[in-house]
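Working notes for the structure below.
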Amino acid sequence: MKLLSPYTLGSLELSNHMSMSALTRCRAIEGNVPTPLAATYYSQRASAGLIITEATQVTPMGQGYPNTPGIYSDEQVQGWKKITDAVHQVGGKIFMQLWHVGRVSLPDYHGGQLPVSASALPVSGHLHTPKFEQKDLVTPRALETSEIPQVAAQFKKGAENTKAAGFDGVEIHGANGYLLEQFTESGSNHRTDAYGGSLENRLRFPLEVVDAVISVWGAERVGYRISPYFDGYSASDANPVETYTALVKELDQRKLGYLCVKEAPNGPGNGKTALIPILRKEFHQTYMVNMGYDAQSGETILESGGADMVCYGKLFLANPDLPERFKQKAPLNQPDPTTFYGGGEKGYTDYPKLG
């Protein structure tokens, strides 16, 4: 299988064409330090060609879920160092996903202050507080023009901290309705300054973040994740094809290490234009796909040249030895949704390997 053959990502030699998707698990300990169990959890899954960690906030204002880890304090860096050491000891490669949720948060996380976004627009949905109580989302406040470079600097500092923690690179979270997507899409960005209005202006902040992170890591060790048709948390764009084609052209010009596109193997459905083949033509480095792929659909898109790598989420969550199971055509463990978020070993480090 091409899926299981080695792959070269920039200067990194990966054991296969499979990556483990970022998966929020809400198990961080006090100070938003990753749980000590995470060293076991990630090293168990180091047969992935590339591990992408759970989304990790670059600032306290970037948090919107209970017990998610950060990468802005010395204690967090030390916690992550134990994880990268454990993964490297068994031959794995690991990138951190850098995150700011923006408006997908609650005042409960910010001492009563409103979450921030591109614009002060109502947002539908609900979240859990730090005490796992469910609340409706609130209307955020718009970031001041003067604040936006500070947020880009927080991403840069997060990137510097990932280097100190021993990572192999980083993925920037530009998907799923979070802050970078809030600036990118017309439905959430109604600004009238240099960061809103035209498509060029809407892309300004995401690209400033990309450039800041590249200044730390170099382009080939930086990935970017997008989900053009994600519609949760009031996310929307008037013309996703135009918007994301323009964004991807900019990422390609920077020779970014990889692009990860979240779209199902059979396309987005509902009459929407499939973006995976369109964006594939615009991006000339490693092209990764994610969302509902299995062994067969993953192999099919690699063999057709439609992608270079396939990113697996829940399958890796429940099957720490997923590449070996694909190789042997072995049965797969089924993920237990009741243990996805919060808790301890159960549903985290206790999924069995073959035999």
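Derivation of every value follows stated rules applied to the coordinates shown; laboratory data play no part. Every value quoted in this text rests on a predicted model; they were computed, and no experiment measured them. Virtual Cβ from ideal backbone geometry, glycine too; neighbours counted across all protein chains shown.
Some notes on this structure:
- Cα-based radius of gyration of the chain once divided by 2.2 N^0.38 Å, which approximates compact folds: 0.93
- Cα-based shape type of the stretch 91-156, given that a ≥ b ≥ c are square roots of the gyration tensor eigenvalues and the cut on a/c is 1.5: oblate
- When the alpha carbon gyration tensor of the stretch 37-169 is reduced to an equivalent ellipsoid, the three semi-axes, largest first, read 30, 17, 12 Å.
- The stretch 6-48, relative contact order in percent, only Cα pairs under 8 angstrom and at least six apart counted: 34 percent
- Whole-number D in µm²/s for the stretch 1-105 (Stokes-Einstein; Kirkwood sum over Cα pairs; 10 °C, 1.306 mPa s): 112 µm²/s
- Sparse-neighbourhood loop sites, GluC sites (Glu not before Pro) in the stretch 88-194 - DSSP loop, at most 11 other Cβ within 10 angstrom: E133, E144
- Stretching H110 away from K272 to a fully extended chain increases their span by 54.6 nm, per 0.36 nm per residue minus the current alpha-carbon distance.
- The stretch 113-257 - share of DSSP beta bridges that are antiparallel (%, nearest 5): 35 percent
- Among residues other than E185 with Cβ under 10 Å from its Cβ, the summed charge is -1 (Lys and Arg +1, Asp and Glu -1).
- Ranking A307, G31, A175 by Cα position along the charge dipole of the chain, where only Lys, Arg, Asp and Glu carry charges on their C-beta atoms, puts A307 farthest toward the positive end.
- Database remark: amide H of I172 closer than 5 angstrom to the amide H of L98, G223, Y224, R225 (H placed geometrically; neighbours at sequence offset of 5 or more, or on other chains; Pro and chain starts carry no H).
- Value at 222 nm in deg cm²/dmol, rounded to 500, when DSSP H runs of n ≥ 4 in the chain each add -39,500 (n - 2.57): -9000 deg cm²/dmol
- If you count Lys pairs in the stretch 216-355 whose Cα atoms are under 20 Å apart, skipping same-chain pairs closer than 8 places in sequence, the total is 13.
- For the stretch 150-159, Karplus couplings with θ = phi - 60° (6.51, -1.76, 1.60), whole Hz, Gly/Pro x: 5, 5, 4, 5, 5, 5, 4, 5, x, 5
- DSSP beta bridge pairing in the chain, given as percent antiparallel to the nearest 5: 20 percent
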